[in-house]
Each structure stands twice: as structure tokens, then as C-alpha cells.
Ligand SMILES: Cc1cc2nc3c(=O)[nH]c(=O)nc-3n(C[C@H](O)[C@H](O)[C@H](O)COP(=O)(O)O)c2cc1C
């Protein structure tokens with residue numbers, strides 16, 4: 001079942017990126033860069049699967065602020081809540097060789113993570129097809145997704161897709177965190 005879901009997920013990405021013509025994908029799709037931030041590894045796990053499936057390049061955005069431990073969590077939660085930005089590395093990666101950018105982020109207090117919001121804020125995405133991919137505990141409401149799409153649109157990008165992986169599942173009415181291996185669904 002997992003294999004089927006992931007295969008469908010990657011096929012949808014192919015179709016979206018290639019403008020609906022899967023056969024023309026290899027010729028016309030252009031290069032894809034996956035830009036990600038991941039604090040606890042969930043987002044990265046999904047990105048690694050995507051990287052393999054799409055033969056894309058992978059670029060980590062590092063948050064230069066220490067987010068570890070309880071204090072790190074609190075700063076992350078409050079910083080995110082109040083829309084703060086941070087120092088990241090790299091700040092302005094060279095994306096000139098890529099037509100498609102997948103921006104991957106955990107969701108923090110209903111928003112893209114601080115590092116990824118900073119990355120979007122500091123760069124332009126003109127003429128790029130952008131897909132947002134998030135990992136969350138609870139599914140994002142459409143109005144929050146739209147806010148995230150608008151961040152990219154304001155920077156010139158065309159948002160052609162939005163995908164989520166849930167890091168939590170419900171078993172016997174109990175909310176349980178998925179393991180990294182469960183998130184890293186192998187096609
Ligand atoms: C500071 C902070 C705030 C979070 N806020 C939310 C939230 O508002 N909604 C949600 O569904 N998950 C929230 N989460 C959970 C993460 O989105 C989820 O665990 C995600 O898969 C983590 O991805 P990562 O392992 O790549 O960092 C939050 C996590 C952190 C650390």
C-alpha cells in the first residue's frame with residue numbers, strides 16, 4: 001500500500017512539473033532542485049525519496065540558530081508564531097540552472113519553518129515552477145497553505161503543487177508519531 005502511495009505521489013510530481021505531459025518529462029522538464037530544512041529528520045526523509053525518484057539535486061538550508069532542546073523548541077515556536085526570520089546558510093544559493101524548485105519544510109505553528117521562510121524571503125523564484133512540500137503532525141488548513149503559496153508568488157515563483165506528509169498517525173483513536181522509516185516510504 002505504501003509503495004503504491006509513494007509511486008502515485010512521485011507520478012503526480014512528474015505530471016505537475018512537466019505540465020501534464022509525462023512523456024515529455026525527460027526532454028522538457030528541466031532540472032529539479034529540492035531545497036529543504038529539517039530539524040528532526042522527517043522532512044529530510046521524504047526529500048531523500050523524492051531525490052531518488054526525480055533524480056533531483058538536494059540542498060539543505062541550515063538555520064544558524066541552535067534549535068535543539070526545550071529552549072530551542074520554545075524559541076522556534078515563539079519565533080515562528082511572531083513571524084521572525086533567522087540567519088541561514090546558504091542564504092542565496094545559485095538556482096539559475098534549475099527550472100523546478102521543490103521547497104520542503106516542517107510546519108511550525110501553522111507556518112513554514114523559520115529557516116525556509118527566510119530562504120523564500122531572501123531569494124527570487126522568477127520563471128521557476130515551485131512545489132511546496134511540508135511535513136506536519138496535523139493536516140494544514142487550506143487558508144494556511146494559501147499563505148505559504150503567496151510567500152513564493154510574492155517572490156516571482158509559480159506554485160504548481162503542494163504536498164504534505166503527516167508525521168503522526170491515528171491508531172485505535174490514539175495519536176502516534178510515525179517513525180522516520182515509516183516516513184521514508186521506499187518506492
Ligand atoms: C517549533 C515547532 C512547532 C511545530 N508546530 C506545528 C504545528 O503548528 N502543526 C503541526 O501539525 N505540527 C507542528 N510541529 C511538528 C512538525 O511539523 C513535525 O514534527 C514535522 O514533521 C517535523 O519535521 P522535521 O523532522 O523535518 O523537523 C511543530 C514542530 C516544532 C519543532
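Bear in mind that the values in this text are calculations on the coordinates, not laboratory data. Source: prediction; values computed, not measured. Backbone-built Cβ (ideal geometry, glycine too); neighbour counts: all protein chains shown.
Assorted remarks:
- All positions within region 153-162 that are in contact with a helix residue (DSSP H, G or I) (Cβ under 8 Å, 6 or more places away or on another chain) and either within 16 Å of the ligand (Cβ to nearest atom) or within 24 Å of residue 53 (Cα to Cα) (or both): 159, 160, 161, 162
- Hits in region 66-83 (condition: surrounded by fewer than 17 Cβ atoms within 10 Å (Cβ to Cβ) and within 23 Å of residue 130 (Cα to Cα)): 83
- Within region 46-56, if we keep just the residues that are touching a strand residue (DSSP E or B) at 6+ places or on another chain (Cβ under 8 Å) and touching a residue at least 60 places away in the same chain (Cβ under 8 Å), the residue that is surrounded by the most Cβ atoms within 10 Å (Cβ to Cβ) turns out to be 46.
- Residue among 165, 101, 120 that alone is closer than 30 Å to residue 55 by Cβ, touching a residue at least 12 places away in the same chain (Cβ under 8 Å), away from the ligand (no atom under 16 Å from the Cβ) and not in a helix (DSSP H, G or I): 101
- Flag if residue 59 is surrounded by 14 or more Cβ atoms within 10 Å (Cβ to Cβ) and over 20 Å from residue 119 (Cα atoms): no
- Scanning region 125-145 for residues that are touching a strand residue (DSSP E or B) at 6+ places or on another chain (Cβ under 9 Å) and within 16 Å of the ligand (Cβ to nearest atom) yields 132, 133, 134, 135, 136, 137, 138, 139, 140, 144, 145.
- Candidate set from region 123-152 (those that are part of a helix (DSSP H, G or I) and in contact with a helix residue (DSSP H, G or I) (Cβ under 7 Å, 6 or more places away or on another chain)); member that is surrounded by the fewest Cβ atoms within 10 Å (Cβ to Cβ): 151
- The single condition among (1) within 12 Å of the ligand (Cβ to nearest atom); (2) part of a strand (DSSP E or B) that residue 80 does not satisfy is (2).
- Members of region 44-59 found to be within 11 Å of the ligand (Cβ to nearest atom) and in contact with a helix residue (DSSP H, G or I) (Cβ under 9 Å, 6 or more places away or on another chain), listed by number: 44, 45, 46
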